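Visitor: Have a look at the structure that comes next, please.
The values are calculated or read from the model by the stated rules, or taken from the named source; none is laboratory data. The model shown is predicted, which means the values in this text are computed figures rather than measured ones. Please note: Cβ atoms are built from the backbone with ideal geometry, for glycine as well, and neighbour counts cover all protein chains shown. Ligands, DNA and RNA are excluded from the accessible area calculation, which covers all protein heavy atoms including side chains. Shrake-Rupley method; radii C 1.70, N 1.55, O 1.52, S 1.80 Å.
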Amino acid sequence: MFYLNPPELIEFEIWTSLPESLRRARRSDWADANRGGVPADSFLEGPVFDRAGNLYVTDIPWGRVFRVSPAGEWSVVAEYDGEPNGMKFIDDTHLLITDYKNGLMKLDVRTGEVTPFLQRRNSERFKGVNDLIFDAQGNLYFTDQGQSGLHDPSGRLYRLRPDGQLDLLLANVPSPNGVALSPDGRVLYLAVTRGNCVWRVPLLPDGSVSKVSQFFTSHGPSGPDGLAVDTEGNLLVCNPGLGYVWLLDHRAEPRIIWRSPAGQSTTNLAFGGADGRTVYCTDSTTGAILTAQAPHAGLPLARGVTRPAGSP
């Protein structure tokens, strides 16, 4: 790609890696379907911080959620029959998880108990939910990716309102993945992995969407995954396949490219650190968590009080 102002290229640092004692080098159903049968000792995703500075990450093939202390020490919070991916806090003690196998699940981080939150829509299973974000009003936006792609552009974007109403916003996405919101909450950014791009989804006052457009186009063997927005409205895009995280301005022009020294599967990220400017990124195939300093702090994440669809 040609840019008038080429982006700054910065190497990530490896902050910590999954200990060998927690790795499982054997086949799994998830790896057979999504990693070509190659054994995956882990596949880290869904980074999110609690108020004490602990980082929580998921391990998709083995149904685990880890807690990583500020000192980089790992512990298992939960292990269950699922394939957890994205996570966001509902309150100080409960995480909402997008679980590819089970739908939306809720985790009590004090006890490790995992319970169903929303497993089906009108008695129909989801294709395979992937990532999620709350807005300031408590609406939950989440993606339903499954095995969709350019061959089958049937991935979905949902909104679950605080009163339990579930809205289907998009049903034509070739592999919807990460989601992020603009600072004013009027635009949702949607990673479209198999389309190798990021869509811009205007959120209209009446609750509908219109004039959805392609905001950013990448390249390579695998497209955008996890997303985040900073306080200036810049969009950070994880790009597995390249081992990049892009920092894009309002014109979708790259200003910074952070590159992984560990592998090429930079899947998701979260802002942390004392000033909120440290980027923590999962390098999923290596089990590493990478760090870099961003020019601006991350946009604070909202928490939701959403009820499951159909609840009284």
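Visitor: Return yes or no: is ARG251 of a type in the set (Lys, Arg), open to solvent by 40 Å² or more (accessible area, probe 1.4 Å), without any contact (Cβ under 8 Å) to a residue 24 or more places away in the chain and assigned to a loop (DSSP other than H, G, I, E, B)?
Guide: Details: of a type in the set (Lys, Arg): yes; open to solvent by 40 Å² or more (accessible area, probe 1.4 Å): yes; without any contact (Cβ under 8 Å) to a residue 24 or more places away in the chain: yes; assigned to a loop (DSSP other than H, G, I, E, B): yes.
For ARG251, the condition - of a type in the set (Lys, Arg), open to solvent by 40 Å² or more (accessible area, probe 1.4 Å), without any contact (Cβ under 8 Å) to a residue 24 or more places away in the chain and assigned to a loop (DSSP other than H, G, I, E, B) - is met.
Visitor: Tell me, which residue of the range 120-154 that is touching a Phe, Trp or Tyr at 6+ places or on another chain (Cβ under 9 Å) and at pLDDT below 95 is least open to solvent (accessible area, probe 1.4 Å)?
Guide: Going through the qualifying residues, I end up with ARG121.
Visitor: Among the residues of the range 274-294, count how many are open to solvent by 40 Å² or more (accessible area, probe 1.4 Å) and either part of a strand (DSSP E or B) or without any contact (Cβ under 8 Å) to a residue 60 or more places away in the chain (or both).
Guide: Count: 4.
Visitor: Testing GLY72 on (1) open to solvent by less than 10 Å² (accessible area, probe 1.4 Å); (2) touching a Ser or Thr at 6+ places or on another chain (Cβ under 8 Å); (3) of a type in the set (Gly, Ala, Ser), one condition comes back false. Which one is that?
Guide: GLY72 satisfies every listed condition except (1).
Visitor: Checking ARG110 against (1) open to solvent by less than 30 Å² (accessible area, probe 1.4 Å); (2) out of contact with any Lys or Arg (no Cβ under 9 Å at 6 or more places or on another chain); (3) without any contact (Cβ under 8 Å) to a residue 40 or more places away in the chain, which test does it fail?
Guide: In the conditions (1) open to solvent by less than 30 Å² (accessible area, probe 1.4 Å); (2) out of contact with any Lys or Arg (no Cβ under 9 Å at 6 or more places or on another chain); (3) without any contact (Cβ under 8 Å) to a residue 40 or more places away in the chain, ARG110 misses (1) alone.
Visitor: Another question, if that's okay. Report the residue count in the range 204-230 for those that are in contact (Cβ under 8 Å) with a residue 40 or more places away in the chain and touching a strand residue (DSSP E or B) at 6+ places or on another chain (Cβ under 7 Å).
Guide: The total comes to 11.
Visitor: So, in the range 264-289, exactly how many residues are of a type in the set (A, V, I, L, M, F, W, C), under 15 Å from THR58 (Cα atoms) and more than 14 Å from the chain's Cα centre (by Cα)?
Guide: Kept after step one, since they are of a type in the set (A, V, I, L, M, F, W, C), are these residues of the range 264-289: 269-271, 274, 279, 281, 288-289.
Still in the running and under 15 Å from THR58 (Cα atoms): 269-270, 281, 288-289.
Checking the rest, the ones that are also more than 14 Å from the chain's Cα centre (by Cα) come to 288-289.
Result for the range 264-289: 2.
Visitor: A further question follows. From the residues in the range 120-137 that are of a type outside the set (A, V, I, L, M, F, W, C) and within 19 Å of PRO162 (Cβ to Cβ), which one is nearest to the chain's Cα centre (by Cα)?
Guide: ASP135
Visitor: Could I ask something else about it? Collect the residues in the range 7-36 that are farther than 17 Å from ASP81 by Cβ, open to solvent by 80 Å² or more (accessible area, probe 1.4 Å) and assigned to a helix (DSSP H, G or I), keeping them in residue-number order.
Guide: GLU20, SER21
Visitor: To continue, here is another question. Let me confirm something: among PRO61, PRO39, PRO70, which residue is assigned to a loop (DSSP other than H, G, I, E, B), out of contact with any helix residue (DSSP H, G or I) (no Cβ under 7 Å at 6 or more places or on another chain) and free of Cβ contacts under 8 Å to residues at least 60 places away in the same chain?
Guide: Unique residue meeting the criteria: PRO70.
Visitor: Quick one: count up the residues across the range 192-228 that are under 23 Å from GLY276 (Cα atoms) and touching an Asp or Glu at 6+ places or on another chain (Cβ under 9 Å).
Guide: Counting residues in the range 192-228 that are under 23 Å from GLY276 (Cα atoms) and touching an Asp or Glu at 6+ places or on another chain (Cβ under 9 Å) gives 3.
Visitor: Out of ALA171, ALA191, I need the residue that is part of a strand (DSSP E or B), modelled with pLDDT of 95 or more, aliphatic (A, V, I, L, M) and open to solvent by 30 Å² or more (accessible area, probe 1.4 Å). Which one?
Guide: ALA171
Visitor: Go through ASP131, ASP163, ASP152 for me and flag whichever is within 16 Å of GLY86 (Cα to Cα) and charged (D, E, K, R).
Guide: Of the residues listed, the single one that is within 16 Å of GLY86 (Cα to Cα) and charged (D, E, K, R) is ASP131.
Visitor: Something else now. So which residues in the range 147-168 are in a strand (DSSP E or B), closer than 17 Å to GLY223 by Cβ and either under 15 Å from the mean Cα position of the chain (by Cα) or not acidic (Asp, Glu) (or both)?
Guide: GLY149, GLY155, LEU157
Visitor: Within the range 258-273, track down each residue that is open to solvent by 20 Å² or more (accessible area, probe 1.4 Å) and assigned to a strand (DSSP E or B).
Guide: Passing the criteria: ARG259, PHE271.
Visitor: Does the range 199-212 include one or more residues that are open to solvent by less than 50 Å² (accessible area, probe 1.4 Å) and under 23 Å from THR291 (Cα atoms)?
Guide: no
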